[in-house]
Amino acid sequence: MWWFSKDEHKDIWDDPVAHPLGDIEAAQRIRAICRDAAGCAEAVGSPDKRSAKKQQIERDRYERAAKVAMETAMRISDELVRDSAVREIVGLCMRANNIKTGRALLRAIHAGSIKAEVLREHPTLEGEQA
C-alpha cells in the first residue's frame, strides 16, 4: 500500500529533463510546475497554523519549484513565449505572497499586453513599475 510508504513524494520539478526542451515544451513544463506547486505556494503565503516543520517543507517545495521554473524560462528564446511563461511564475510567487520576486519577474516581462494582464490580476505589483 503506497500510503504507508515512507518514500518522499517526488514532485514534477524534481524530475530530470531527458533532452533539451523546445520553447513550447519549456513553457508547458513551467505551466505544469506552477500548477502543481500552487498548493505549497498557498500554504507558504497564508498565515496557517501548521507546524513549523510542515511550513518549512512547503516553503522548500515552493522555492525548488520556483527556481526550476525560472531556470527553465531563461532558456526560452521566443520573447512572447518566455513572457507568457514568466507570467505563470509571477502567479506562483503571488500565491506564496512573494511580492519581491513577483516584482522582479514582472520587470522581466517585455510584452505590454502580458504585463498589463499581470498588473490587472495582481495590483499589489504596481508599486514599483518603471
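What the table below lists for this structure:
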| quantity | calculated |
| --- | --- |
| Unmet requirement for Leu106, which otherwise passes all of (1) within 29 Å of Pro20 (Cα to Cα); (2) surrounded by 14 or more Cβ atoms within 10 Å (Cβ to Cβ); (3) in contact (Cβ under 8 Å) with a residue 24 or more places away in the chain | (3) |
| Residue satisfying condition, being over 12 Å from the mean Cα position of the chain (by Cα), buried (at least 16 other Cβ atoms within 10 Å of the Cβ) and of a type in the set (Lys, Arg), within set Arg82, Arg64, Arg95 | Arg82 |
| Residue list for the stretch 7-19, filter: in a loop (DSSP other than H, G, I, E, B) and either modelled with pLDDT under 75 or of a type in the set (Val, Ile, Thr) (or both) | Asp7, Glu8, His9, Asp11, Asp15, Pro16, Val17, Ala18, His19 |
| Residue within the stretch 40-48 that is of a type outside the set (A, V, I, L, M), over 22 Å from Pro16 (Cβ atoms) and either modelled with pLDDT of 95 or more or in a helix (DSSP H, G or I) (or both) present | yes |
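Per-residue answers, yes or no, for (1) at pLDDT below 95; (2) in contact with an Asp or Glu (Cβ under 7 Å, 6 or more places away or on another chain); (3) closer than 15 Å to Asp23 by Cα:
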position: Arg59; (1), (2), (3): yes, no, no
position: Glu88; (1), (2), (3): no, no, yes
position: Lys115; (1), (2), (3): no, no, no
position: Glu126; (1), (2), (3): yes, no, no
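The values are calculated or read from the model by the stated rules, or taken from the named source; none is laboratory data. Computed from a prediction, not measured in an experiment: that's the story for all the values here. As a convention, Cβ positions derive from the backbone with ideal geometry for all residues, glycine included, and neighbour counts pool all protein chains shown.
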